[in-house]
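Just so you know, all these numbers are worked out from the coordinates, no wet-lab data involved. From a predicted model like this one, the values you see are computed outputs, not experimental measurements. Note that each Cβ is placed from the backbone with ideal geometry, even for glycine, and that neighbours are counted across all protein chains shown.
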């Protein structure tokens, strides 16, 4: 079945540094990638949608200069949290479509802690 | 606005008992509907999905869901729960293939012996 590999699974970084999270579709071409953020005991909030070769579309209230999304190939999308601060600490999850026109495959998530 | 509602934040069920998790949606047209399960610190696993056709959908792990257009609902059921079913369950909807998913707030399921 379709698999999306997301890493790192967890990362701790110092305030003011940048962190990159990768999502790779291992056995299909991901035409669209979605990036979500999830706070403890809460639901997933969509941050942005990216299509291969195009600029990402950000949801209202999401800072595009802080959360840089790149979808340069059909198998790789990255989310870079720039100048991270403690309030950026969260669980980030990616999702990809392309294998199945009606399916969404999720990565295993990345726990980001900014200290 | 498009929305998905899960009225129950937390449900506790005895092992072996039946389960029903509620989900209601508000969309302009019938959306694509999904149920996902999430264990702590993990990603999401698809239990089942509905696009059209038979309104009773069978999924993995013995789960099923029934689409009811008149009630704008897509409730998840399992006849007999196992301790391993304890997790967070999310209902989600999209307007179509490759469209963004809108998630409900989730229902936390606790299983007691």
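Here are the numbers for this structure:
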item	result
Relative contact order computed over chain A (Cα-Cα under 8 Å; 6+ residues apart), in percent	37 percent
For A:37, B:108, order by how many other beta-carbon atoms lie within 10 Å, fewest first	B:108, A:37
DSSP beta bridges in chain A [antiparallel fraction, %, rounded to 5]	90 percent
For the protein assembly as shown, the fraction of alpha-carbon pairs in successive 5 Å shells from zero, as %	1, 7, 14, 18, 19, 16, 12, 7, 4, 1, 0
All-pairs alpha carbon distance profile, the range A:28-94, 10 Å steps from 0, percent	21, 53, 24, 2
Length-normalised contact order for the range B:1-45 - Cα pairs under 8 Å, 6+ apart - percent	38 percent
Alpha carbon centroid spacing (whole Å) that separates the range B:1-51 from the range B:63-113	2 Å
Sequence of B:72, A:25 once ranked by neighbouring C-beta atoms within 10 Å, starting from the fewest	B:72, A:25
Ranked list, fewest to most other Cβ atoms within 10 Å of each Cβ, for B:111, B:9	B:9, B:111
For chain B: relative contact order, % (alpha-carbon pairs under 8 angstrom, 6 or more apart)	38 percent
Rg/Rg_ref, the range B:29-98, where Rg_ref = 2.2 N^0.38 Å and atoms are Cα	1.12
Computed label-point distance, nm, for sites residue B:66 and residue A:12 using a 7 Å Cα→Cβ extension	5.0 nm
Calculated P(r) of chain A - Cα pairs past 17 Å, %	50 percent
